[in-house]
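Q: Have a look at this one before I ask anything.
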Amino acid sequence: MLLAQLVPDPGWLNSGDNAWQLTAATLVGLMSVPGLAILYAGIMKRKWAVNSALMVLYAFSMSLIVWTLVAYNMSFGHPGVLNVVGQPTTVLSANSLEQQAQIPLLNGLIPPIRFPLSTLVYFQFVFATITVIILAGSLLGRISFKAWAIFVPLWIALVYSVGAFSLWGGGWLSQMGAVDFSGGYVIHVAAAVSGFTAAAVIGPRLLRDRQHTSPSNLIMAVAGGGLLWLGWSGFNGGDTYFANPDAGAAVLNTHLCTATALCTWVMWDSIRFKRPNVAGAINGMVAGLVAITPAAGYIDGYAALVLGVLAGTLPWVTINVAPRFALFRRVDDTLGVIHTHGVAGALGGLFTGIMADPNMIVYYGAKGTATGASTVSGLWYGNAHQLLVQFYALLFIIGYDAVATFIIMKLIGFVVPLRAPDAHLEAGDQLIHGEVAVDLEPYPGAPHLPVPAPAGAT
């Protein structure tokens, strides 16, 4: 009975592009929930598993609310203050959700995007939320949940949106020619710098927690890391905004670089420590994923291999050498986000300025033609300017995010304590949330099992 009332799809809608964009967004969402929730719970001590996972769940939820109310248009809307951020308006009306998506940076470079604004809002939301969730990796094990609850919406609106608009939303850095294919700067450097700054303000974990960092469940960490790795197909493959050849190239480059970085990291661990380990393999995987992110659709496969070797080497060096310096001894970056995300993201962004290949066509026009295609040339191909603007963009993200995050943390400290009380830090999940990740207590009525005597006892 309803068939006669159906309205045909608008002429601008391409079902393949729309389906891929929604799929890519969901893959990225899975990287956070459950991916990073599982990874954090597994890699942290058992007493912090629940707290770490809950921080992820809360950040994912709160970010979506803030994103649709103000932050999406602050990142991709009409220009606002000094062309570094957009105007804070909502995207919740029917007219907004079902209109054709537009991104100022791309106008004039490609035909209009062939899916609705609601799809784009969802796609960009999962990028925003995973940024603040990555940032959480620097603060695990001591930030109070009340402080985290306030920090998340403020950081998404006041920090993330500035980087996103400046590089992706038509802001001043994009007008200079700086590029960031899928978030090496906007996401990973931003998360690392802000996390390191916030960790410095909050202070370190308890000494005992810093000295004894045994993961609660390494296999759980592998499961979370695996969701990250495969989910990254949507992370980098979706940022062409079309189901086109460059999307496939970006996905292949992503996995090639990551596999190379993991093998390189494991090799260095084997040489230096005489044995490979799972935690090191996860670090190498993450460093490779992060390094390829700003470059995925701009470089060819040979360059992806080289970048993988660099991504498995440079962050490995910094994570092992940094403790020699006073700054890194004072700042307790719980999961080493400054190395696996900050160093690797900066490396990938600068590498793009060197190895971006003009034969990699990033955006295709209608029906697979190259009409309006966008290409980027790096220093290797005769364009030294690209490396220069990549450097400028890196400095801006580092400088702005560090200062803005410092101010936000100080302001929150006037409202609620930034650190959990020492009693909470000692007990962890049981006292903070009244829950534990794994119940090790015997069930009522369980038979008493004798404790075996120590070896050699008489």
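Q: Within region 148-171, can you find the residues that are in a helix (DSSP H, G or I), farther than 16 Å from residue 398 by Cβ and hydrophobic (A, V, I, L, M, F, W, C)?
A: 148, 149, 150, 151, 152, 154, 156, 157, 158, 165
Q: Please go through region 239-248 and pick out each residue that is assigned to a helix (DSSP H, G or I) and buried (at least 20 other Cβ atoms within 10 Å of the Cβ).
A: If the condition is that a residue be assigned to a helix (DSSP H, G or I) and buried (at least 20 other Cβ atoms within 10 Å of the Cβ), then 239, 240, 246, 247 are the ones that fit.
Q: Now for a separate question. Working only within region 405-418, note down all residues that are under 24 Å from the mean Cα position of the chain (by Cα) and closer than 16 Å to residue 51 by Cβ.
A: 418
Q: Just give me the residues in region 239-251 being at pLDDT 95 or above and under 19 Å from the mean Cα position of the chain (by Cα), in sequence order.
A: 250, 251
Q: Please verify whether region 108-125 includes one or more residues that are under 22 Å from residue 54 (Cβ atoms) and in contact (Cβ under 8 Å) with a residue 24 or more places away in the chain. Walk me through it before giving the result.
A: Filtering region 108-125 for residues under 22 Å from residue 54 (Cβ atoms) gives 125.
From the residues that got through so far, the ones that are in contact (Cβ under 8 Å) with a residue 24 or more places away in the chain too are 125.
Yes, region 108-125 has at least one match.
Q: Right, another one. For region 54-79, how many residues meet the condition of being surrounded by fewer than 24 Cβ atoms within 10 Å (Cβ to Cβ), in contact (Cβ under 8 Å) with a residue 12 or more places away in the chain and among the small types (Gly, Ala, Ser)?
A: Here the count works out to 1.
Q: Just checking: which of the helices (runs of 4 or more DSSP H) contained wholly in region 1-70 hold 2 or more residues that are over 26 Å from residue 254 (Cβ atoms) and under 17 Å from the mean Cα position of the chain (by Cα)? Spell out the reasoning first.
A: Numbers: elements: 15-30, 37-43, 49-66.
Passing ranges, in order: 49-66.
Q: Working only within region 386-436, note down all residues that are among the small types (Gly, Ala, Ser), more than 17 Å from residue 143 (Cβ to Cβ) and either in contact (Cβ under 8 Å) with a residue 40 or more places away in the chain or in a helix (DSSP H, G or I) (or both).
A: 393, 399, 402, 404
Q: Let me ask something else about it. Sort through 291, 287 and tell me the only one that's part of a helix (DSSP H, G or I), touching a residue at least 12 places away in the same chain (Cβ under 8 Å) and in contact with a Pro (Cβ under 6 Å, 6 or more places away or on another chain).
A: It is 287.
Q: Additional query: Quick one: how many residues across region 312-366 are hydrophobic (A, V, I, L, M, F, W, C), more than 17 Å from residue 187 (Cα to Cα) and free of Cβ contacts under 8 Å to residues at least 60 places away in the same chain?
A: Of the residues in that region, 11 qualify.
Q: Mind listing just one residue for me: the one in region 302-323 that is assigned to a helix (DSSP H, G or I) and polar (S, T, N, Q) and, of those, surrounded by the most Cβ atoms within 10 Å (Cβ to Cβ)?
A: So the residue we want is 318.
Q: Just checking, which of 299, 282, 271 is over 19 Å from the mean Cα position of the chain (by Cα) and part of a helix (DSSP H, G or I)?
A: Every option except 271 fails the conditions.
Q: Say we look at region 338-379 and pick out the residues that are part of a helix (DSSP H, G or I) and at pLDDT below 95; which of these is nearest to residue 300 (Cα to Cα)?
A: Looking only at region 338-379, we keep the residues that are part of a helix (DSSP H, G or I), and these are 338-355, 366-368, 379.
Checking the rest, the ones that are also at pLDDT below 95 come to 366-368.
Details: 366: 23, 367: 23, 368: 20 Å.
The residue in question is 368.
Q: Mind listing whichever residues of region 268-290 are of a type in the set (A, V, I, L, M), within 20 Å of residue 227 (Cβ to Cβ) and out of contact with any Ser or Thr (no Cβ under 7 Å at 6 or more places or on another chain)?
A: 278, 279, 281, 282
Q: Next question, about the same structure. I need every pair where a residue in region 249-262 that is without any contact (Cβ under 8 Å) to a residue 60 or more places away in the chain and part of a helix (DSSP H, G or I) has its Cβ under 7 Å from the Cβ of a residue that is surrounded by 24 or more Cβ atoms within 10 Å (Cβ to Cβ) and among the β-branched types (Val, Ile, Thr), sequence separation at least 6 or different chains.
A: As it stands, the answer is 253/292; 253/299; 254/292; 257/292; 258/292, since those pairs meet every condition given.
Q: Quick one: is residue 204 more than 20 Å from the chain's Cα centre (by Cα), in a loop (DSSP other than H, G, I, E, B) and modelled with pLDDT of 95 or more?
A: yes
Q: Filter region 153-175 for residues that are surrounded by fewer than 24 Cβ atoms within 10 Å (Cβ to Cβ) and either closer than 11 Å to residue 86 by Cα or modelled with pLDDT of 95 or more (or both) and give the result.
A: Correct list: 153, 154, 157, 158, 170.
To keep it simple, each residue is scored yes or no on (1) touching a strand residue (DSSP E or B) at 6+ places or on another chain (Cβ under 8 Å); (2) modelled with pLDDT under 95.
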| residue | (1), (2) |
| --- | --- |
| 30 | no, no |
| 35 | no, no |
| 39 | no, no |
| 45 | no, yes |
| 62 | no, no |
| 68 | no, no |
| 76 | yes, yes |
| 81 | no, yes |
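Q: Among the residues of region 95-104, is there at least one that is outside any helix (DSSP H, G or I), among the small types (Gly, Ala, Ser) and farther than 28 Å from residue 423 by Cβ?
A: Yes, region 95-104 has at least one match.
The values are calculated or read from the model by the stated rules, or taken from the named source; none is laboratory data. A quick note: this is a predicted structure, and the numbers were derived from the prediction, not measured. Here Cβ is always computed from backbone atoms with ideal geometry, including for glycine, and neighbour counts include all displayed protein chains.
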